[in-house]
Structures are given as C-alpha cells and as structure tokens.
Amino acid sequence: MTYSDAGYSKGMIPRDYQSRPLGSFAARSTLKLTPRSEWKDRIAEKTENQSWIWDRCKAIVPILDQNGYSWCHGFGPTGAAMCAREMAGLPYKELSASSVAGPVTNWNKDMGQYIEADMKQIQDVGIAETSFVGMLTNDRRVWTAEAQANAALHKMKCLDLDTNNYDELVTCALMGIPTIWGVNDWGHCIYGGVKLRYNTDGSVHIMGVNSWAATWGDGGTMWTGERKQHMPNEAYALLVSDSQ
C-alpha cells in the first residue's frame, strides 16, 4: 500500500513495518539510551529545575484542536515541531497542522493517513506558518507558492524510533526531544515525551499532548506508562535542521 491509497480509514493508519521497516524513510535514531539506573535521579533533577519540554512550552505552544478533522497524523507532528523549535531557542512561530495534513490527504478532512506521510512532508516540504495556511482548513487554495516557500523555511529532520521501545522514549524526553506517537489501541496520533514522573512503585510515566483542545484530559494532556493503555506502537522524533 502506498500513501496515496490510505484514505480507507480515518485518523491515524498504523504503520506496516513489513513493507516499510525501520529506517526506510528516515534515519533511525542513534541516540545513546539513558540507563534505567539513572532515571530516578535525572527525573528528579529536571523536575526541580523545571527544565522539561512541558515547563518550557506550556505557556507558549498552544494545545491544538483538530475539531473533528481526521488529521491527528498532522496535528501531533506539528505540535511537536513547535516544541522542538522552542527547545532549540528559536523564535516562536505558530505553525499550521493543515499545511502538513492537507497536502498528504489531498485536502480531504475525513481522510486518514500514515504518520510517515506527514513526517516526510515535514522533512521534504516543511510546515507553513498559520499566517499563510490556517491551523484548521481544508481549502486547497491556501496552498499557494508563497505558502510553500514559507513552509520550506521550517523543514525538520525526522528520526525513526524503534517500535515499542520505552527506553528510547524516556531518553528523548530526558534530552528535551519531543516525540510523535502512533497509538494503535486508540487509532490516534499525538505527541509526547514532554515530561516524565517517577512513581513510588518505581515505575516511570510519560506525558502526552493531544489535539482535542485544552478541555480534554488534564488541560489537553495525559499520562501513560510502560505496558499501559495508549502506549505508542510507533514513534518518531523531530530535530530542528541546521538551516533554521
């Protein structure tokens, strides 16, 4: 199946790792994993210093709202992209999720898609600012040459993370790298790794950020953990390119 065939489903379409294995469309992560023996102290330090992605971004990056569109596969990566820019010390720009999800669905707001298609769009084409393409629009006429030129200013590098690898997700969170999650039991894409918490039973939970407005969950966020409900089955990371 190709990306253009994907419209049979709404929302996120789970990745077929047999036809598109790890590393087939983006570089696999080579990040050195943080040993589990260090998690408790590292989490305590970042919590005390308020240096989590969430601490840096919660007052700047809005909780997005896909408002009934089937474009979670574009909203998750766009939220992560704005956080990645903030963590890199770049000026805040409100980026348009529709400038990602629109082109990969032929501007069909009811069409699902593989997250990979959106990640490739961000790598190859970029993300336009909302002053060029509204945050929530399926009007293909907005995808002008000017909008595409603006999107090209915001290309980002994607890392293809291992499947069901909690250590890799925790490592990214500790490094300040937001991650995009494909959650099969939910049929949904969000971004996460914005904060960790160490629990009294020794488990570590990880925060995700949804795109169903700030009225959902805990101000638009949720917690999950290893082998818990809504754990990602596929995951990606976004890094700011050298040209930005």
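Restricting the chymotrypsin sites (Phe, Trp or Tyr not before Pro) of the stretch 87-156 to loop positions (DSSP other than H, G, I, E, B) with no more than 13 neighbouring Cβ atoms within 10 Å leaves Y92. Of all aspartates and glutamates in the structure, the ones whose alpha carbon falls short of 13 Å from that of K58, not counting any fewer than 8 places away in one chain, are E86, D218.
Only beta bridges with both residues in the chain are counted; by DSSP, about 90 percent of them are antiparallel.
Remark: E45, E168 ranked as E45, E168, counting other beta-carbon atoms within 10 Å and listing the fewest first.
Extending 7 Å from the Cα toward the beta-carbon at both K10 and R197 defines two label points whose distance is 3.1 nm. If the cut-off is 21 Å between C-alpha atoms, which lysines fall inside it for K228, apart from same-chain ones fewer than 8 positions away? By straight Cα distance, K228 reaches K40, K195. Among the trypsin sites (Lys or Arg not before Pro) in the stretch 27-119, those located in a DSSP loop and surrounded by at most 14 other Cβ atoms within 10 Å of their own Cβ are K32.
If you compute semi-axes √(5λ) of the Cα gyration tensor in Å for the structure shown, which of [x] 27, 19, 17; [y] 40, 20, 17; [z] 31, 23, 17 do you land on? It is the one labelled [x].
Residues S131, S96, arranged from fewest to most other Cβ atoms within 10 angstrom of their Cβ, appear as S131, S96. For the stretch 91-141, the list of GluC sites (Glu not before Pro) that fall in a loop by DSSP and count at most 14 other C-beta atoms within 10 angstrom reads E94.
Every number here is computed from the coordinates shown, using simple stated rules; none is lab data. The model shown is predicted, which means the values in this text are computed figures rather than measured ones. A quick note on method: Cβ atoms are made from the backbone with ideal geometry, for glycine too, and the neighbour counts reach across all protein chains shown.
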